1. So, by mean Cβ neighbours within 10 angstrom, what's the order for 35-45, 115-125 with the highest one leading?
2. What distance in nm separates the simple spin-label points at Gln54 and Ala116, each placed 7 Å from Cα in the Cβ direction?
Amino acid sequence: MESFDKFDQANRRGRDVQAAFPHALAARYDRLAGRVVIELSTGLHVAFAPSDAQGLQSATPAQLDSIEISPSGLGIHFPRLDADFYLPALLEGFLGSRQWMARRMGAKGGSVSSAAKSMAARRNGALGGRPAKRVIA
């Protein structure tokens, strides 16, 4: 009867997750805004650009029109893309895995220009640029 125990444990874990996280009541693609909109059980609506979600970056509006919600309400599925999102992970990782988000943030952070960066670059350029690395023999 070990399999029944595991089944009961899995059901309890599932109920705990459902109680701890909001679940999706509705999901749609808003073509006018260019956003995927998910209505949560808390009354909150989460909207995001498909280009900000891992797996949806190059999706067309026609591919995004069909969105299915899992029976638990914790997953959303884009059948035309065969893309799935687990809602707690989606909200926790901000629309992608932590590794994917870190890569995006790193690329964006390195390319951001600010007044302080511009001034430092001008000062370094006036001094002849960065000093050469010293090689200690």
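1. 35-45, 115-125
2. Label at Gln54, label at Ala116, 3.0 nm between them.
Just so you know, all these numbers are worked out from the coordinates, no wet-lab data involved. Bear in mind the structure is a predicted one, so any value in this text is a computation, not a measurement. Cβ coordinates were reconstructed from backbone atoms using ideal geometry, including for glycine residues, and neighbour counts include every protein chain displayed.
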